[in-house]
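Just so it is clear, none of the values below were taken in a lab; they were calculated from the coordinates. It should be emphasised that the depicted structure is a prediction, and the values quoted were computed from it without experimental measurement. Heads up, the Cβs are rebuilt from the backbone with ideal geometry, glycines too, and the neighbour counts pull from every protein chain shown.
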Amino acid sequence: MSEFVTFTNEFGQTIDMSREDYQKKIIPQNLDKYWDEKDKLRDFAMELVKGQFHEQAAVAADRLLELYGPIESALIFRAVVHMQAREFESAKKILTDCLERFPSSGTACTNLAKIFAFEGDEPKAFETLHTGLHKDPNQENGLNMFVESFLQRGKKDELKGQLEALASKEGAWRPQLQLARLALTEEDLLNAMKWYTVAIEGAKDRFEVVMTVTGELGQAGYVYQLIQICEKFWTPHFPYPYAGFNYANALLATDQMEKAIVILRNMQEHLPDNYKPMVDHFLNRVPGALEVEAAAQQKAVESQMDDPTTKKSKWKFWK
């Protein structure tokens, strides 16, 4: 654990402070400031959990239960704070209560499974995790635990069958993502692309899955398949630029610089202001990109001068 905490103050400045000073000066101030603002207090409480400030996180978690009432997310957060402080019996009690109130809570099951695993009761941990995933097959943390438990025992084929069963559940998409990853490790590109496509089509927040899939295909070196995914699912209206950067890198790797530039500039028009400069930084690092862009712009101007009725330049061909 680092002896320093990095945080952003009210003026947007990044500050490094010792844990002791942060605990004495910043935490009490922020708890007081956000005490009656449940959304801001929740965000700050999550930072306290990440920073492993157990006592202060517990204070925030108790207050959130007062503000929100015994809703599923508030109960689970309180249990997680107990777990982080190794107060496992208290965590179990809350998670059991949560399941009584919300029987379909897969996340409560997953956290109970973590406690059973810590206590060394592997069969009960697996059974509880399995139950939780059938309640909610899209739990990232739970699925990662599930996959790892099979791979550690060398039971990949059994794992595939379990994931396919989870993938058949209504609304499931993350098991398909895991199946695609398994196929990719086996260089079974046909099945990897099949499962990636199904995962994207089934996801509610499609832009996040496209970002993940393009990142994984890019890291594996499958640039043509990455381009194929982007041509089908990527749009310049995604709220984050990262999938667009993956798309552009694949185009650059396949000698399609002009198209990469158009993709990036089109995306830049739709990005939130705080992300727009990232496109310029990206292009500044691509050798020759600015020259190619300038030449294309000049060509577009000349084309318009030759044909004044042209409303859309050749430079916009890929829009």
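Here residue 15 meets each of (1) of a type in the set (A, V, I, L, M, F, W, C); (2) over 22 Å from the mean Cα position of the chain (by Cα); (3) within 30 Å of residue 124 (Cα to Cα) with one exception, condition (3).
A count restricted to the stretch 220-252 and to residues that are among the small types (Gly, Ala, Ser) and surrounded by fewer than 22 Cβ atoms within 10 Å (Cβ to Cβ) stands at 2.
Grab the helices (runs of 4 or more DSSP H) fully contained in the stretch 222-292, keeping just those with 2 or more residues being under 30 Å from residue 191 (Cβ atoms).
Helices (runs of 4 or more DSSP H) meeting the threshold: 223-233, 242-253, 257-270.
Out of all the residues in the stretch 75-105, which are in a loop (DSSP other than H, G, I, E, B) and closer than 15 Å to residue 131 by Cβ? 102, 103, 104, 105 - these are the residues of the stretch 75-105 that are in a loop (DSSP other than H, G, I, E, B) and closer than 15 Å to residue 131 by Cβ. Within this structure, residue 192 passes the test of being over 17 Å from residue 170 (Cα atoms) and buried (at least 19 other Cβ atoms within 10 Å of the Cβ).
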